[in-house]
1. Counting only residues that are more than 20 Å from the chain's Cα centre (by Cα) and free of Cβ contacts under 8 Å to residues at least 24 places away in the same chain, give me the helices (runs of 4 or more DSSP H) lying completely in the stretch 151-234 with at least 1 of them.
2. Within the stretch 24-40, how many residues are under 22 Å from the mean Cα position of the chain (by Cα) and either without any contact (Cβ under 8 Å) to a residue 24 or more places away in the chain or crowded, with 17+ Cβ neighbours inside 10 Å (or both)?
3. What number of residues in the stretch 101-130 are over 21 Å from the mean Cα position of the chain (by Cα) and modelled with pLDDT of 95 or more?
4. Surrounded by 16 or more Cβ atoms within 10 Å (Cβ to Cβ) and more than 19 Å from residue 224 (Cα to Cα): does that describe residue 43?
5. Which ranges mark the helices (runs of 4 or more DSSP H) fully within the stretch 1-99 that have 3 or more residues being touching a helix residue (DSSP H, G or I) at 6+ places or on another chain (Cβ under 6 Å)?
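The values are calculated or read from the model by the stated rules, or taken from the named source; none is laboratory data. Every value quoted in this text rests on a predicted model; they were computed, and no experiment measured them. Here the Cβ positions follow ideal geometry from the backbone for every residue, glycine too, while neighbour counts run over all protein chains shown.
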């Protein structure tokens, strides 16, 4: 067994912080107001920004190790549709007025990491085909379609540089980490610039906490800690995330509706 953390352990760490992030974003205030629970601090999102890029990193690693890329992509698409159906049913029961303002299709792109990961997986697959000079024209067109779709998919366009960097420098953690750090610093400069151009009323620190995507570089220690091993290999470990992601979100949705009544 190599030193470091395997993919399964990294996923477990990411899941814990993912739940923390979503509790903070969607339920912390309601729990404080209704149950007098202590509110989580403003800087909580900065401790969780590594989660999504870590899932992206592990997905791309899986892209190179999976026995069937078609089945991998189909699992992501199926999970995205299940997430969409479950979220739609919950909102139909608790808040039908939502659908008078927004389309139910919004649940395919909002609060649905499977859709974003699926688009990224396809994006990397098409780029890899272009690199291998396999049906270049077709894959260029498909890549452009994914880029267009990412504009509407929950801000995915802002995250696409991350899978691109990880794919481009696959096999070199040093280059991957430098690329992610550079992108994060560019994002930080734009965020700070936005703070001053908007003349925001809150402090710069609070603004950076609320707009914390610049902290994507916090994934770097986890990338460096990854030992390249898949870890626990059972049906449970394979499908755990596909189960926990929608279920924890649905629980948070339902709890929020109940507390807001």
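1. On the way: elements: 161-168, 173-198, 204-210, 220-225.
Of the helices (runs of 4 or more DSSP H) lying wholly inside the stretch 151-234, those with at least 1 residues that are more than 20 Å from the chain's Cα centre (by Cα) and free of Cβ contacts under 8 Å to residues at least 24 places away in the same chain span 173-198, 204-210.
2. Pass one, the stretch 24-40, residues under 22 Å from the mean Cα position of the chain (by Cα): 24-28, 40.
Subsequent filtering for residues that are either without any contact (Cβ under 8 Å) to a residue 24 or more places away in the chain or crowded, with 17+ Cβ neighbours inside 10 Å (or both) retains 24-25, 27-28, 40.
Final tally of qualifying residues: 5.
3. Within the stretch 101-130, the subset over 21 Å from the mean Cα position of the chain (by Cα) is 101-103, 128-130.
Pick out the ones that are also modelled with pLDDT of 95 or more and you get 128-130.
Final tally of qualifying residues: 3.
4. Details: surrounded by 16 or more Cβ atoms within 10 Å (Cβ to Cβ): no; more than 19 Å from residue 224 (Cα to Cα): yes.
Judged against the criteria, residue 43 is not a match.
5. Numbers: elements: 7-26, 28-35, 51-65, 69-94.
Of the helices (runs of 4 or more DSSP H) lying wholly inside the stretch 1-99, those with at least 3 residues that are touching a helix residue (DSSP H, G or I) at 6+ places or on another chain (Cβ under 6 Å) span 7-26, 51-65, 69-94.
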